[in-house]
Amino acid sequence: MKNLRAKYATAFLSSIVLVGSLSGVSMANAGTQNPSVYQSITKFKKSESQGQVIWKEKNITVTAKKTELKNVPGSEKSVITSITIQKGEKIYTIKTDGFDDKLRDISSISVSPSSHWLAIQTRRSAGETVLLMDMKNGKHQILNDQLSAAGKENIETINSYNWSPKADQLAFSYGDPARSSIAIYDSQKGTFTYLPRETDYISTSLILWNKNGNQLNYISEYPSDQKRLYTYSMITKKVKTVKKISEKEFQQWLKLDK
């Protein structure tokens, strides 16, 4: 009888493990800060010289030409007039001096695992814009504009973002200073997946994929000055709250994105 109870107990525990794995969300891994759980992030090194900013990573070089405007406030003087991307023998240039909302600087750059796409996060007077460059044909698109064309409103900024380690899909946060939402953009199909909201996030400071590309972790603020860790399953399409995050813990999490 004792052996029989032990047999059923083992079967019951096995079923729990199976259901947990099928759910697509590993809550154990969701709360860990172990770098081995998450995707490796390619780092670009930044350097500056007179009139230009250069970002470089292996065989990709991004050069932003800058100029100083006259008769404008000091914080508005410096603008980017063009961004040139070079990969091997391929050279593409984006003319940005005609943009209505001038680009002030480049905040970060990230290349997709396939090296097909390059995401360039640029700073405007208010908010951030992400440019996506197709490294095969030199065509570019503005992710903020793509969201607006899809019917989304108040796209003042795109703050956090990261490429999936398994596909040319970019997870990112967007919105305005009082409201943040999360979406995944499939750059091959040109389509968006909008994550369900657990609450009215004020901001989102970090987005990380796990190495399998089937789970996202992100840290959002709500209510004011209180951060929580959430996880999203690409399998179940559901979001779960993992835990509250202290400021000290948050700083440790940020190191995974640097």
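What about Val111, is it closer than 22 Å to Lys66 by Cα and of a type in the set (A, V, I, L, M, F, W, C)? Answer is no for this residue.
Okay, residues lined up against (1) modelled with pLDDT of 70 or more; (2) out of contact with any helix residue (DSSP H, G or I) (no Cβ under 7 Å at 6 or more places or on another chain); (3) surrounded by 13 or more Cβ atoms within 10 Å (Cβ to Cβ):
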position	(1), (2), (3)
Lys7	no, yes, no
Thr10	no, yes, no
Ile16	no, yes, no
Val19	no, yes, no
Ser40	yes, yes, no
Lys45	yes, yes, no
Glu48	yes, yes, no
Gly51	yes, yes, no
Trp55	yes, yes, yes
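For every residue, the table says whether it meets (1) of a type in the set (Ser, Thr, Tyr); (2) over 26 Å from Lys237 (Cα atoms); (3) over 13 Å from the mean Cα position of the chain (by Cα).
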| site | (1), (2), (3) |
| --- | --- |
| Thr122 | yes, yes, yes |
| Trp163 | no, no, no |
| Arg179 | no, no, yes |
| Asp186 | no, no, no |
| Phe192 | no, no, yes |
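Of the strands (runs of 3 or more DSSP E) that lie entirely inside the range 181-256, those containing 3 or more residues that are among the hydrophobic types (A, V, I, L, M, F, W, C) span 203-209, 239-245.
Scanning the range 204-231 for residues that are among the aromatic types (Phe, Trp, Tyr) and without any contact (Cβ under 8 Å) to a residue 60 or more places away in the chain, we see that the one that is surrounded by the most Cβ atoms within 10 Å (Cβ to Cβ) is Tyr218. Quick check on Thr191: is it within 24 Å of Ile109 (Cα to Cα), at pLDDT 95 or above and either surrounded by fewer than 21 Cβ atoms within 10 Å (Cβ to Cβ) or in contact with an Asp or Glu (Cβ under 7 Å, 6 or more places away or on another chain) (or both)? Taking the combined requirement at face value, the residue satisfies it. Kindly indicate the residue of the range 189-203 that is in contact (Cβ under 8 Å) with a residue 40 or more places away in the chain and not hydroxyl-bearing (Ser, Thr, Tyr) and also farthest from Lys240 (Cα to Cα) among those meeting that condition. Checked the range 189-203; the qualifying residue farthest from Lys240 (Cα to Cα) is Gly190. Consider only pairs whose beta carbons are under 6 Å apart and that are at least six residues apart or on different chains; among these, list those whose first residue lies in the range 85-97 and is of a type outside the set (Lys, Arg) and whose second residue is not in a strand (DSSP E or B). Filtered contacts from the range 85-97: Gly88/Asn59; Tyr92/Gly138; Thr96/Leu103.
Here the range 161-177 is the region considered, the condition is being at pLDDT 95 or above, within 18 Å of Ala126 (Cα to Cα) and in contact with an Asp or Glu (Cβ under 9 Å, 6 or more places away or on another chain), and the residue that is surrounded by the most Cβ atoms within 10 Å (Cβ to Cβ) is Tyr174.
Selection of the range 62-77 for residues being surrounded by fewer than 16 Cβ atoms within 10 Å (Cβ to Cβ) and either of a type outside the set (Gly, Ala, Ser) or assigned to a strand (DSSP E or B) (or both) yields Thr67, Glu68, Leu69, Lys70, Asn71, Val72, Pro73, Glu76, Lys77. Just for the range 59-84: of the residues that are touching a strand residue (DSSP E or B) at 6+ places or on another chain (Cβ under 8 Å) and in contact (Cβ under 8 Å) with a residue 40 or more places away in the chain, which one is farthest from Val130 (Cα to Cα)? Checking each candidate, the answer is Ile60.
The values are calculated or read from the model by the stated rules, or taken from the named source; none is laboratory data. Model, not experiment: these values are computed from the prediction. As a convention, Cβ positions derive from the backbone with ideal geometry for all residues, glycine included, and neighbour counts pool all protein chains shown.
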